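Okay, structure first, notes after.
The values are calculated or read from the model by the stated rules, or taken from the named source; none is laboratory data. What you see is a predicted model; the values in this text were computed from it and never measured. FYI the Cβ positions are ideal-geometry reconstructions off the backbone, even for glycines, and counts take in every protein chain you see. Calculation scope for accessible area: heavy atoms of the full protein, side chains included, ligands and nucleic acids excluded. Shrake-Rupley method; radii C 1.70, N 1.55, O 1.52, S 1.80 Å.
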Number of protein chains: 4
Amino acid sequence: MTDIAHLGPIELLTPKPAETLDFFHQLMGMEIEGEENGSVYLRGWGDYQRYSLKLTESPSSGLGYAGLRAWSPEALERRVAAIEARGLGEGWYDGARGRGPSYRFRDPDGHRFELYYEVDRYEAPEHLRPVVRNQPQRYIPRGCAVSRFDHLNVLANDVRANREFAQEALDYRLYERIELDDGSEAGAWLSATIAAHELIYTQDHHRRSGRLHHLAFWVDTREECLRAGDIFVDAGIEIEFAPSRHAVARGFFVYVIEPGGNRIEVTNGGYLVYDPDHPTVTWTQAERGRGQYWGNPTVETFHTYGTPPVEGDEH
Amino acid sequence: MTDIAHLGPIELLTPKPAETLDFFHQLMGMEIEGEENGSVYLRGWGDYQRYSLKLTESPSSGLGYAGLRAWSPEALERRVAAIEARGLGEGWYDGARGRGPSYRFRDPDGHRFELYYEVDRYEAPEHLRPVVRNQPQRYIPRGCAVSRFDHLNVLANDVRANREFAQEALDYRLYERIELDDGSEAGAWLSATIAAHELIYTQDHHRRSGRLHHLAFWVDTREECLRAGDIFVDAGIEIEFAPSRHAVARGFFVYVIEPGGNRIEVTNGGYLVYDPDHPTVTWTQAERGRGQYWGNPTVETFHTYGTPPVEGDEH
Amino acid sequence: MTDIAHLGPIELLTPKPAETLDFFHQLMGMEIEGEENGSVYLRGWGDYQRYSLKLTESPSSGLGYAGLRAWSPEALERRVAAIEARGLGEGWYDGARGRGPSYRFRDPDGHRFELYYEVDRYEAPEHLRPVVRNQPQRYIPRGCAVSRFDHLNVLANDVRANREFAQEALDYRLYERIELDDGSEAGAWLSATIAAHELIYTQDHHRRSGRLHHLAFWVDTREECLRAGDIFVDAGIEIEFAPSRHAVARGFFVYVIEPGGNRIEVTNGGYLVYDPDHPTVTWTQAERGRGQYWGNPTVETFHTYGTPPVEGDEH
Amino acid sequence: MTDIAHLGPIELLTPKPAETLDFFHQLMGMEIEGEENGSVYLRGWGDYQRYSLKLTESPSSGLGYAGLRAWSPEALERRVAAIEARGLGEGWYDGARGRGPSYRFRDPDGHRFELYYEVDRYEAPEHLRPVVRNQPQRYIPRGCAVSRFDHLNVLANDVRANREFAQEALDYRLYERIELDDGSEAGAWLSATIAAHELIYTQDHHRRSGRLHHLAFWVDTREECLRAGDIFVDAGIEIEFAPSRHAVARGFFVYVIEPGGNRIEVTNGGYLVYDPDHPTVTWTQAERGRGQYWGNPTVETFHTYGTPPVEGDEH
């Protein structure tokens, strides 16, 4: 039970805004909720907020900021105090589309976050009104038709320090981690709910800071991850990591590089953590070396590439 | 091993051509191959011919004609002779889009067929060219994205007579049938290949002739039949028979009524008949009364409704 | 964020203990964790506790008790105080297999619950040790191979009173409910987490008390619900409600009657509630009359049958 | 339209008969139809013949023989004459379990075949009798529960010569092939029906003869291929090629090495060839280099390993 309700919306930066928008609208199948100041706001049919993704043109790719909704006004206050105590706060901001005041801060690695509580719930216009009323929006069968934003994976120079910040200042729970033979932490899977992962930190191979590994969007079946693979092939999108199953968190995935250069995942699966005292699962270097769930190897660039890209590190 | 390669294309009649076209293009996800003399020609991404469906405006719904491709020029000759010997032939015709001379005939119940051998193979234009060259066309993720025409079910006043005609004059094989306690035949599942059914005759409840029960289009997984159900709900299309599994032929299905009134199926599953001497499976009235594969009841209108509709028999 | 971690284990009563055990072991694919005092303890491969199901012989079918794990020792104290304040407590008990002291109570309708915090985590024996260490147990491909207990649906004479008790005394959240035209409440879907439902109250058609509607066990894909249907057909198990999709909670299901007479569900799907202020979805009588997700009708006995059964109400 | 009905049964050789039997019975989920002269005969629930697999102890792994059922007595005679004309016949044999006289021959690469027409159709004993009568046997939910034998891939020193033999002497149709830049043929996919492949020849990397690449067994959904991957991981079976999708023939797969050393596939998908004049799809060396359907690389040993194994070529 934590003070955080969930991550999102996410601002994603792209040097190719038209192509990136086309990717999310036509291929991921998201709806355009609106445009404002040059940014485009998109949503999955299952997102309860007005939008879960904000696309912004930028000289380079990468993460703009990650929204973070607090569980309650009191939870918001507690988290702001905890962040300020660590000297990472940047103050309040009140102009974000569709939500109330947001508290801006950076994690130790420099990724920008915006913490808020008040938010608009989505009201579907007539042509997107669903038949069943427990669904925020009509299901639109275009492209992958992703349901909603699912999780964020950022790279960090010091995974342990950022993971501890997420636990202590942000009240996240730690479900899984990888500890290498030299004692360093290669990855940490954190969650504010019973979902197996919501915020992930993995080691930045190039020792840069503030970089993005990937954004993941949810589909309701793993069949839809396979179908996403088929869609991307015929649409000419680069599949970096073909549909398969992770050992860590046991999620099903397909990873592509969207036209702006960011790594995007279509995901399903994983498991729910009902144990309130879930002992963190720590994977050893040898276990990580075994590869993915079925023993297949991890694609090399998956360990090195991030956005903004480092010169010479091609995906 | 028969003289028939396969059924198709199918001409479908509709009193609401614009809405019916929208259904097949937007919701079934078929491509428009062309328009000619007021008819629209459509194809699934997996159809090897230029089109598998021809939509034609008409005062009423129902079947225009069913195309039938012969296995070879010699097979075509043999079948024409067999049809002529039964006095059901109507002569040659040479104006069909994308194929050579067709021999027109009617089955004993009056359904129109066009038998041919020469045909154009589909050549995808640049924007529909697939990445893998064993696929006729790029996969377009719009709506159900059906792959190809699969099978045709027509109603008949005398199932046995029509089934025997299909076996003897058309060289079809009979894989399954239903025989009622009074000795009458309620349904017959015929195929020219190892697929479990391609041409189906079932009893016309209203004793009319020449009517259509349904056209079925193939998807590669039964998950896509479930997803088709979801798509149709939010698109406001009437689902007559929710996704489930047949006992006969063991196929997975969802049946809807397209805006023009015709019953359309999205299907997957079934089985392949590798036995050259496959003994026909005969179901009794009691077995049919057990319902579908999982024992669930058959929707009432499924036994009565056909197109063109009979006054007072609503779907 | 609630004081309850999750429901379970569940004690299920059966007049045919050998057949019921065979059903859960061979067909549901659960492991026998142990036997004690004539009861048998079973688990799914994904259950983190030692067992999630206790089978006990009894003259009739129905619910023995529902376990309820508190989030923490403090949460346990708070809930006990709230229950005692309502006069529904029955005192502490310390003999349950694999867990610490339990507080026994009944909901207003008379269903027995056991609330506890301390519990043994499952330690797989050698032959059941998994390859990936974030999985509690090896996956055993026998029968449906259900992963874990998912949710409990009990019948109540007064749904509203029991639902309010669950919210106020047990700290559950209410995600969906059905309100009939006469103002009465026909069903309430409650959860202690982001899962769409964990505890469900629906109207007892026969105005009895303390009865069970069904227990649901989770599988990771809706394909496995379809496969469960196939398994049950060939195993001669009565399928009451063939695989389909609910409108309420949008879950995928198949319902069977186990040999002891209790209704059991194999389930997947639904949605996650990330909104901390999720507005309860209230369905009207007309909306409920629309049927299931795809518009298909609800099986009649689903509204009437419960265990222990009422004379003359056959499933 | 060919003279061959289908491939099978297959005799598989194993140096570890008990472990191999356990693999096929417990993990593949096949039934033991009988034992005779030290060999064990197995079947999938969907096989119409009594058995599709014969396991025989041998000093090494590999193919014993491949059965081949002719379409008719006349077809059998025609094929025997064509084989004899090429000097590859070895004469008639009349002792095979459950079938009539078989004509033994070898393909140019030395693989043994047994061609026959007369065969026993499977009659399920009481405990394996299915509920739906169009299914040869009850579905038993044990392990992968494969339905039936699907296809055979053998290695050849000279793919072209063997492929031409299959077309000319055996009457197979050629649907796809790979032609390298030097003009040599790296693989050929042949079929006697509309199924995309039944008999495959691929280049023997070690220039040996008579070796086996793999046997494939069918499951009805690609979800079951994924599940097979999960089953094999926890059963400690070596997965050589994790679940994915081929570009050639577009089939879904998972490949494992059974305890006796033979490569076994669990498969679904592919496509049906309705075109009687299907133009052979020829893949270039560059296209083959693109990898599998989603662009993922082919596992190295997949190109080199076969049985019996060559010293130093480990899987």
Original post:
How large, in Å, is the stretch C:134-173 by the Kirkwood hydrodynamic radius built from its alpha-carbon pairs?
Top reply: 13.4
**OP:** State the antiparallel share, in %, of DSSP beta bridges confined to the protein assembly as shown, rounding to the nearest 5.
**Re:** 70
Original post:
Of D:Q203, D:H246, D:A169, which is farthest on the positive side of the dipole of the stretch D:159-256, counting Cα position, with +1 on Lys and Arg Cβ, -1 on Asp and Glu Cβ, and the Cα centre as origin?
Top reply: D:A169
**OP:** Starting from the Kirkwood radius over alpha-carbon pairs of the stretch A:5-149, derive D by Stokes-Einstein at 10 °C in a medium of 1.306 mPa s and give it in µm² s⁻¹.
**Re:** 99
Original post:
In the stretch D:171-265, how does Rg compare with the Kirkwood Rh, expressed as the Rg/Rh ratio over alpha carbon atoms?
Top reply: 0.99
**OP:** Show the residues, 5+ positions off or on another chain, whose built amide H is closer than 5 Å to the amide H of A:G270.
**Re:** A:G251, A:F252
Original post:
Using +1 on the beta carbon of Lys and Arg, -1 on that of Asp and Glu, and nothing else charged, what's the dipole of the stretch C:213-298 about the Cα centre, debye to 20?
Top reply: 300
**OP:** Let me know the volume per residue of the alpha-carbon convex hull for the stretch C:117-208, in Å³.
**Re:** 164
Subject >> Whole-Hz ³J(HN,Hα) from phi, Karplus 6.51 cos²θ - 1.76 cosθ + 1.60, for the stretch C:204-210, glycine and proline x >> reply: 7, 4, 9, 6, 8, 10, x
Original post:
Which percent, nearest 5, of DSSP beta bridges in the stretch C:190-265 are antiparallel?
Top reply: 80
Subject >> Space enclosed by the convex hull of the alpha-carbon atoms of the stretch C:159-215, per residue, Å³ >> reply: 88
**OP:** Find which of A:S58, A:L128, A:F113 sits farthest along the positive direction of the dipole of the stretch A:55-143, computed with +1 on the beta-carbon of Lys and Arg, -1 on that of Asp and Glu, about the Cα centre.
**Re:** A:L128
Subject >> In Hz, Karplus ³J(HN,Hα) per residue of the stretch C:82-97 (6.51, -1.76, 1.60; θ = phi - 60°; x = Gly, Pro) >> reply: 5, 5, 4, 4, 9, x, 10, x, 10, x, 8, 9, 10, x, 6, 4
**OP:** Quick one: compute a quarter of the convex hull surface over the Cα atoms of the stretch A:156-315 and quote it in nm².
**Re:** 9.7
Original post:
Given the protein chains as shown and a 1.4 Å probe, how many square angstrom of A:S147 are accessible, to the nearest 10?
Top reply: 10
Original post:
Semi-axes, largest first, in whole Å: what does sqrt of 5 times each Cα gyration tensor eigenvalue give for the stretch D:75-146?
Top reply: 35, 15, 11
Subject >> Full-stretch length increase - D:T284, D:E19 - with 0.36 nm per residue and alpha-carbon distance subtracted >> reply: 91.4 nm
**OP:** Choose one of D:I237, D:G295, D:L226: the residue whose Cα lies farthest towards the positive end of the charge dipole of the stretch D:205-315 (beta-carbon charges +1 Lys, Arg; -1 Asp, Glu; about the Cα centre).
**Re:** D:G295
Subject >> Loop-resident sites, the stretch C:178-222, for trypsin sites (Lys or Arg not before Pro), counting at most 14 other Cβ within 10 Å (DSSP) >> reply: C:R207
Original post:
Quick one: label points 7 angstrom along Cα→Cβ at A:H303, distances to the other copies in nm, smallest first?
Top reply: 2.2, 6.1, 6.5
**OP:** Give the ranking of B:S209, B:S58, D:S191 by solvent-accessible surface, highest area first, calculated with a 1.4 Å probe.
**Re:** B:S209, B:S58, D:S191
**OP:** Using the Cα centre as the reference, give the magnitude of the dipole from point charges on the C-beta atoms of the protein assembly as shown (Lys, Arg: +1; Asp, Glu: -1; all else neutral), rounded to the nearest 20 debye.
**Re:** 0
**OP:** Can you pull the one-decimal nm distance between simple spin-label points at A:F302 and C:R133, each 7 Å off the Cα toward Cβ?
**Re:** 2.0
Original post:
Cα convex hull of the stretch B:17-92: how many Å³ per residue?
Top reply: 129
**OP:** Please work out, to two decimal places, the log10 of the ratio I(q)/I(0) at q = 0.17, 0.28 Å⁻¹ from a Debye calculation in which every Cα of the stretch D:264-304 carries one identical scatterer.
**Re:** -0.74, -1.09
Original post:
So between B:R112 and B:E126, what do we pick up on full extension, going 0.36 nm a residue minus the alpha carbon distance?
Top reply: 1.5 nm
Original post:
Using the beta-carbon distance between C:E311 and D:E238 and R0 = 45 Å, what value does 1/(1 + (r/R0)^6) give for FRET efficiency, to the nearest 0.05?
Top reply: 0.20
**OP:** Summarise the accessible area of the protein assembly as shown (1.4 Å probe, protein heavy atoms) by the percent that is carbon and sulfur.
**Re:** 46
Original post:
Using alpha carbons only, what's the Rg to Rh ratio of the protein assembly as shown with Rh from Kirkwood?
Top reply: 0.96
Subject >> Relative contact order of chain D, defined on C-alpha pairs under 8 angstrom at six or more residues apart (%) >> reply: 18
Original post:
So in the stretch C:131-245, what percent of DSSP beta bridges are antiparallel if you round to the nearest 5?
Top reply: 75
Original post:
Hey, if we sort B:D204, C:D120 by accessible area with the 1.4 Å probe, largest down, what's the order?
Top reply: C:D120, B:D204
Subject >> 20 Å-binned pair-distance histogram of chain C (Cα, whole percent) >> reply: 34, 62, 5
Original post:
Can you tell me the Rg and the Dmax, both Å, for the Cα atoms in the stretch C:210-256?
Top reply: 11.2, 33
Original post:
Largest first, what is the accessible-area ranking of C:H246, A:H206 with a 1.4 Å probe?
Top reply: A:H206, C:H246
Original post:
B:S72 versus A:Q26, label points 7 Å from Cα toward the beta carbon: distance in nm?
Top reply: 4.5
**OP:** Would you mind estimating how fast the stretch A:221-315 diffuses translationally, via Stokes-Einstein at 20 °C and 1.002 mPa s with the Kirkwood radius over Cα pairs, in µm²/s?
**Re:** 144
Original post:
Nearest 20 debye, what's the magnitude of the dipole of chain B about its Cα centre given +1 on Lys and Arg Cβ and -1 on Asp and Glu Cβ?
Top reply: 480
Subject >> At 1.567 mPa s and 4 °C, Stokes D of the stretch D:5-49 from Kirkwood alpha-carbon radius, µm² per second >> reply: 114
